[in-house]
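Undergrad: After the structure tokens below, expect a handful of questions from me.
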Amino acid sequence: MKKLVVTRSLVVAGCLLASVRGLTQVAAERPFKIVALDPALGDIIGPDASLETLGDHFGLTEGPVWVQHGDDGYLLFSDNAGNEIYKWSPYAPLSVFLQKSGYTGNDRDHVGAQTVTGGGVAILLIGSNGLTLDSRGRLIITAMTDRTVVRLETDGTRTLLADRYDGKRFNGPNDIVAKSDGAIYFTDSIWGVRDADKGSDRGLPYSGFFLIKDGKVTLLGGDKDNPGNAPNGIALSPDEKLLYVTAGVSKTIRYDVLPDDTVANPVKFLDAGNDGIKVDLKGNVYSIVRNEVWITSPEGRRLGTLELPAVASEPRPRIVGTNLAFGDADSKTLYITACTHLFRIRLRVAGVRPGPRR
């Protein structure tokens with residue numbers, strides 16, 4: 001494979017983020033590690049599989065999605081601090097795919113929650129978060145700080161799909177997945193509002209996960225009656241009969257998807273939550289749990305862990321997993337967004353990829 005080196009300087013939230021690099025290995029105080037907890041992990045990933053660094057020094061990466069075009073394709077992912085969606089291709093330099101991806105206004109003084117990223121730098125969560133494709137291949141975006149879910153049309157215009165429930169604005173649409181029949185599931189967080197849960201501009205008094213179908217928004221669940229169980233990651237099983245939703249940091253819930261696309265029969269699937277979640281074609285679940293990717297069988301048996309590296313350089317990057325995507329023509333590459341970094345690793349099994357059915 002030819003080595004790709006991309007160098008670019010960006011200014012994001014007052015902080016110079018430089019040297020977005022291509023396929024490099026990171027010097028680490030804790031190296032990447034594959035931890036097998038069950039022999040079945042060997043059917044999913046080889047013991048010597050290597051983690052490649054596709055980029056670093058981003059503001060806060062999120063929401064990757066692979067877009068396939070014939071035998072070629074590319075990865076889109078959000079930089080939540082940069083308010084941009086980037087396009088990564090193995091054949092071209094890193095480029096900006098969409099500006100003002102999550103906040104289209106001009107008043108940054110009163111929007112977006114604040115967090116800390118690499119080197120202890122305070123940043124605004126102001127851009128897009130989750131990305132997915134509908135059955136026609138159109139990009140659907142959780143515009144977190146606009147507090148909307150939008151669809152990007154082929155001519156570049158944006159169509160509003162949802163911005164409120166029960167007359168109250170969302171607080172920060174987060175993760176998202178689209179079903180082949182047109183139904184859309186997404187989670188709503190507090191991170192699109194200045195001061196988050198204490199923000200004076202907060203709309204809904206809880207965090208929930210929702211269904212968009214035929215122009216109607218339906219609340220499916222959330223932390224209204226279960227404080228501390230705010231939904232975040234969300235994913236469908238390969239046959240679209242199950243919906244997985246993370247609930248806080250302590251659990252992941254599995255629901256049955258009913259014929260009308262609502263859900264029922266919640267069951268605790270995993271004693272961990274945290275952030276993004278994806279599923280492969282065999283039904284194995286890949287969960288972001290802090291700086292690890294947990295791989296769990298459809299029956300709920302932990303198969304293994306991908307431990308992301310801890311890098312020793314200064315300013316200290318923040319390598320904490322945020323989300324995942326399966327990509328490449330065979331869907332056997334796992335792309336991992338991890339705050340300041342973007343990684344990929346080859347698998348032995350293909351993953352569920354949104355968009356037109358193949």
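Any read-out appearing in this document is the output of simple, stated calculations on the displayed coordinates, not a laboratory observation. Keep in mind that what you see is a predicted model, and the values were worked out from it rather than measured. Please note: Cβ atoms are built from the backbone with ideal geometry, for glycine as well, and neighbour counts cover all protein chains shown.
Undergrad: Which residue fluctuates most in the GNM of the chain (Cα springs below 10 Å): Ile176, Ile345, Ile234?
TA: Maximum fluctuation in the GNM of the chain, among the listed residues, is at Ile345.
Undergrad: Name the shape class, rounded, prolate or oblate, that the alpha-carbon gyration tensor gives for segment 71-115, where a ≥ b ≥ c are the square roots of its eigenvalues, rounded holds for a/c under 1.5, and otherwise prolate holds if a/b is larger than b/c and oblate otherwise.
TA: Working: a/c = 3.68, a/b = 2.86, b/c = 1.29.
Prolate.
Undergrad: What size of dipole, in debye to the nearest 20, comes out for the chain about its Cα centre when the only charges are +1 on Lys and Arg C-beta atoms and -1 on Asp and Glu C-beta atoms? All intermediate terms of the calculation are to be shown ahead of the outcome.
TA: Details: 42 positive and 42 negative charges, 63 e Å.
Value, rounded to 20: 300 debye.
Undergrad: Considering the options Thr333, Val279, Pro238, tell which one lies farthest towards the positive end of the dipole of segment 200-358, charges being +1 on Lys and Arg and -1 on Asp and Glu at the Cβ, about the Cα centre.
TA: The residue sitting farthest along the positive end of the dipole is Thr333.
Undergrad: Sticking with this structure for a sec: Work the Kirkwood hydrodynamic radius out for segment 212-275: mean of 1/r over every pair of different alpha-carbon atoms, inverted, in Å. All intermediate terms of the calculation are to be shown ahead of the outcome.
TA: Working: mean 1/r = 0.0824 Å⁻¹.
Final number for the Kirkwood radius of segment 212-275 is 12.1 Å.
Undergrad: Round to a whole angstrom and tell me the spacing of the C-alpha centers of segment 72-95 and segment 218-236.
TA: Distance between centres, Cα-based: 29 Å.
Undergrad: Amide H to amide H, which residues 5 or more places from Asn232 or on other chains are under 5 Å from it, using H placed in the peptide plane?
TA: Thr246, Gly248
Undergrad: Can you list the lysines whose alpha carbon is less than 23 Å from that of Lys168, not counting same-chain residues fewer than 8 positions off?
TA: Candidates past the 8-residue exclusion: Lys198, Lys213, Lys216, Lys224.
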